[in-house]
Every structure is written in structure tokens, then in C-alpha cells.
Amino acid sequence: MPAPQKHAERSLYRGAIMTGNNDMIFCKEEALSNAEIDRATFRLLAAFYNYNPDRNFIEALMNLTSGSVPMNGISSAVSMITKYACEAVRSDELVIELKRDWTKLFRGVAPDYGPKAPYEQLYVNSGSLKLISVLAQEYQCNGFAEYMEINNRHDYIGTELAYAAHLASLRLTALETENFEEYSKYQDMSDSFIENHPANWVGMFCEEAEKHAATDFYRGVLKLTSLTVTAKGGSDEFLF
């Protein structure tokens, strides 16, 4: 599963089909591939934060591998996750250790137990409810009903990553129906959302949380999240 592609779709579409948005020209096949990549990547990252890990989830991650990797940080992060998963799937004790680490890192149990909870509002130092209102409106306008199933705040890291996956799904649907105006709209919306929300604070959270992580599994998750969201480096490949 390669890392998300940013602006990569803006190349050539057979015979130069125009979308009408700033005369964008692109390759449909490449755009489809990149949207699928983004959806899979952000779904995986969201799952790390939204679900307390069980044996089935851990077992699935045993087959997560990095392909031709121009970016060593990504390869290292994936290796940390898969190595721990291979050990934990055979050990009830390690599964429990993962569950404890997940709670400490992502639940904000207490100020002296783990990092600040991964809510955007806490990391952008905003005491205003405007941020939550803006996110709620965007989720509603774009049919993102999944946030209700996540049962967490609109600005929770797992909610924002799941929404990024949702926007990738909308890009896919638009491409599959050859609605290039819609595709262009959702591509721009996706770039804007990631830049103005996850990329604006997730790196800070991951850096802080790594200091509290007790397992290599979640150290790898945090590294992978930070590298992906902040788009540092190349387009590494991850495969299930």
C-alpha cells in the first residue's frame, strides 16, 4: 500500500481531456491508482487509532510489507509494526501489552500518563468551538457518516484520517463515472483538508506520543503516520 500521492494525478490523460478546473489535464489510470492508494493508506492509519487491537487485527498486519523504498523511515516503521505483530500473534501477554499501549497513547487518560489526547484542538491551542463546527459541517456536506460509528470527537486523529479515506473514495467514484469536474473538486478538497488539518498538528502529536510508547508496534505506527501525513519523502510501497 503506497503512501498517499499529493498532486501526482496532474499529468496526462489520453487525448488531453480537460476537467474545466484550471485547465487540469491528467491520466485517468494514474488518478485511479493514486486514489485507491490514498483510500487504503488512510483507512489503515485510521484503524490503528480507532480500534483497540485484537488478535485478528494483529494477524492481518503480519503481511504488511514495504516494497521498493526510497524512504528509509517508512521501511523502518513498517518493519517495526510487522515484527511486533508476528511476535504478538503468538502471545496473549503481548496482545495485552498492545492494548495497554493503545489506551495510554490515544485515550488521554491523565496528564501524567501518556501524551495529550490526539485531538486537533489541543495541538493547535484553540479554545474555540469553531474548529469542531467547521469539521462537523464538512463531514455532513460530504456524506461522511462514518464519524458517528467512530464514536469520538470530530477532531480526533482517527476521525480525521478516516475522513481523508472517505474523500479518496469520492475521488474514485467520480473517476469511475467519468465525472471529472467532481473528481477535481474532491482532489482539491482532499489536498486542502490534509494540509489544513492532519498535516497541521499530527506530526506534533506523533513526536510527543513516541516518548511515551512502550511497544515498537506503536512506535512504528506513530512514525508511519507522521511520515505519511506530513508527506516527507517519496512514494513508498506497502503491500498486504
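The values are calculated or read from the model by the stated rules, or taken from the named source; none is laboratory data. Please read these numbers as outputs of a predicted model, since none were measured by experiment. Note that we place each Cβ from the backbone using ideal geometry, even for glycine, and neighbour counts take in every protein chain shown.
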Whichever residue in the range 28-73 is under 19 Å from Ala88 (Cα atoms) and assigned to a loop (DSSP other than H, G, I, E, B) and, among such residues, is modelled with the lowest pLDDT:
Leu64
Is it true that some residue in the range 173-188 is in contact (Cβ under 8 Å) with a residue 60 or more places away in the chain, closer than 21 Å to Leu44 by Cα, touching a Pro at 6+ places or on another chain (Cβ under 9 Å) and crowded, with 23+ Cβ neighbours inside 10 Å?
no
Is there a residue in the range 97-116 that is buried (at least 21 other Cβ atoms within 10 Å of the Cβ), aliphatic (A, V, I, L, M) and in a helix (DSSP H, G or I)?
yes
Return the pair list, or none, for Cβ contacts closer than 8 Å from residues in the range 29-49 that are closer than 20 Å to Lys185 by Cβ to residues that are basic (Lys, Arg) and part of a helix (DSSP H, G or I), at least 6 apart or on different chains.
Ala31/Arg171; Ala35/Arg171; Asp38/Arg171
Please go through the range 123-133 and give me each residue that is of a type in the set (A, V, I, L, M) and either surrounded by fewer than 11 Cβ atoms within 10 Å (Cβ to Cβ) or modelled with pLDDT of 95 or more (or both), ordered by number.
Leu129
Just the residues that are in a helix (DSSP H, G or I) and either surrounded by fewer than 17 Cβ atoms within 10 Å (Cβ to Cβ) or of a type in the set (A, V, I, L, M) (or both), please, taken from the range 83-96.
Lys83, Ala85, Cys86, Glu87, Ala88, Asp92, Glu93, Leu94, Val95, Ile96
Would you confirm whether any residue within the range 139-152 is modelled with pLDDT of 95 or more, buried (at least 20 other Cβ atoms within 10 Å of the Cβ) and closer than 30 Å to Lys104 by Cβ?
yes
Could you identify the single residue in Ala231, Ala213 that is over 23 Å from Ile132 (Cα atoms), at pLDDT 95 or above and in a loop (DSSP other than H, G, I, E, B)?
Ala213
Do any helices (runs of 4 or more DSSP H) entirely within the range 130-208 hold 2 or more residues that are among the polar types (S, T, N, Q), and if so, which?
130-141, 157-176, 180-196
